[in-house]
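Q: Quick one: the structure is below, and I'll ask about it shortly.
The values are calculated or read from the model by the stated rules, or taken from the named source; none is laboratory data. Since the model is a prediction, treat every value here as computed from it, not as a measurement. Neighbour counts run over all protein chains shown; Cβ positions are idealised from the backbone, glycine included. For accessibility, only protein heavy atoms count, side chains too; no ligands or nucleic acids. Shrake-Rupley method; radii C 1.70, N 1.55, O 1.52, S 1.80 Å.
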Amino acid sequence: PPTSPNSSISPVHLQTPPPPTAPSSLTATAISSSQINLSWTASTDAVGVTGYRVERCEGVSCSNFTYIATSTATTYSNTGLTASTNYSYRVLATDAASNFSTYSNTASATTQTSVDTTPPTISNIQSTSITSSGATITWTTDEASDTQVEYGLTTSYGSQTTLNTTLTTSHSQAITGLTASTLYHYRVKSKDAAGNLQTSGDGTFTTQATA
């Protein structure tokens, strides 16, 4: 019988695609007291880059990076940060074959100082030590602030005490030169170190009769 010819099968060698190139030119820009924006140059890859892994650490010269997000774009906005704090970032790319690139350069930024836009809260307003020619107005605030009182015969006031620029939470302001047996309107004003002003509602007191 005829014999079958000898046959040989060549092995197929599957070549693993190379990993993506490292992202480059990573920059970090603080745009507020709680947000830093990242941007970098895209990686290249034989089978296609599928995303970027973003890692972060906190503090100047930190090295304990941890994963925080994955971005499919070459930008990322990191929000919810602490004011006046330094953060460092690095990025690597991944492709469709689950290969990882080496890390990008490290970029750092410090979040902006938190801006105080809240005025003091005024409470416990009292008119005390009322005489025929004067009175003392006291109040408290929830943060250190200055002291001033507006007063007059109507709610247009028209007069005010000299501004006391000492920042305190316990306020006391004397009013002098008043007319006896007269109803006076007043309101108190306090401004904090950031320049936020709070003005109270209207209050009244009546000076005593002349002895």
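Q: In percent, what relative contact order does the chain have, based on Cα pairs under 8 Å that are 6 or more apart in sequence?
A: Relative contact order, the chain: 17 percent.
Q: Another question, then. Please list, in order along the range 122-131, the HN-Hα scalar couplings obtained from phi with the Karplus expression 6.51 cos²θ - 1.76 cosθ + 1.60 (θ = phi - 60°), rounded to whole Hz, x for Gly and Pro.
A: 9, 8, 6, 6, 9, 10, 10, 6, 7, 10
Q: Rounded, prolate or oblate: which fits the range 34-75, taking a ≥ b ≥ c as square roots of the Cα gyration tensor eigenvalues, rounded meaning a/c under 1.5, else prolate when a/b beats b/c?
A: Prolate is the answer for the range 34-75, as a/c is 1.5 or above and a/b outweighs b/c.
Q: Not counting ligands, DNA or RNA, and with a 1.4 Å probe, what is TYR103's accessible surface area in Å² rounded to the nearest 10?
A: Only protein atoms counted, so the area is about 90 Å².
Q: Using square roots of five times the C-alpha gyration tensor eigenvalues, list the equivalent-ellipsoid semi-axes of the chain in whole Å, biggest first. Walk me through the numbers on the way to the answer.
A: On the way: eigenvalues 1182, 38, 26 Å².
Working from the Cα gyration tensor, I get semi-axes of 77, 14, 11 Å.
Q: Quick one: what are the phi-derived ³J(HN,Hα) couplings along the range 188-198, Karplus 6.51/-1.76/1.60 with θ = phi - 60°, whole Hz, x for glycine and proline?
A: Each residue of the range 188-198 in turn: 9, 9, 9, 10, 7, 5, 8, x, 7, 9, 10 Hz.
Q: Taking the Cα-to-Cβ direction at ALA174 and at THR27 and moving 7 Å from each Cα, how far apart do the two end points lie in nm?
A: Going by the 7 Å Cα→Cβ label model, 6.1 nm.
Q: Moving on. Express in nm, to one decimal, how much length is gained between ASN64 and GLN112 on full extension, taking 0.36 nm for each residue of separation and deducting their alpha carbon distance.
A: Net length gain for the segment: 15.0 nm.
Q: Across the range 50-66, in residue order, what do the Karplus-derived ³J(HN,Hα) couplings come to in whole Hz, using 6.51 cos²θ - 1.76 cosθ + 1.60 with θ = phi - 60° and x for Gly and Pro?
A: Once θ is set to phi - 60°, the couplings for the range 50-66 become 9, x, 10, 9, 9, 10, 9, 9, 10, x, 5, 6, 6, 9, 8, 5, 10 Hz.
Q: Let me ask something else about it. If you roll a 1.4 Å probe over the heavy atoms of the protein chains, what accessible area per residue do you get for the chain, in Å²?
A: Accessible area per residue, the chain: 57 Å².
Q: Sorted from largest to smallest, which semi-axis lengths in Å does the alpha carbon gyration tensor of the range 52-120 give for its equivalent ellipsoid, taking the root of 5 times each eigenvalue? Working shown, then result.
A: On the way: eigenvalues 174, 38, 13 Å².
Gyration-tensor ellipsoid for the range 52-120: 30, 14, 8 Å.
Q: Can you pull the one-decimal nm distance between simple spin-label points at THR72 and ASN124, each 7 Å off the Cα toward Cβ?
A: According to this spin-label approximation, the distance is 5.8 nm.
Q: Right, here's the next one. Please build a GNM for the chain, connecting alpha carbons under 10 Å apart, and tell me which residue among THR85, THR169, THR16 fluctuates the most.
A: So, out of THR85, THR169, THR16, the one fluctuating most is THR16.
Q: Whose amide H sits under 5 Å from the amide H of ALA69, counting only residues 5 or more places off or on another chain, with H placed in the peptide plane?
A: VAL54
Q: Taking 7 Å along the Cα-to-C-beta vector as the label spot, tell me the THR204-SER156 distance in nanometres, rounded to one decimal.
A: In this crude label model, THR204 to SER156 measures out at 1.8 nm.
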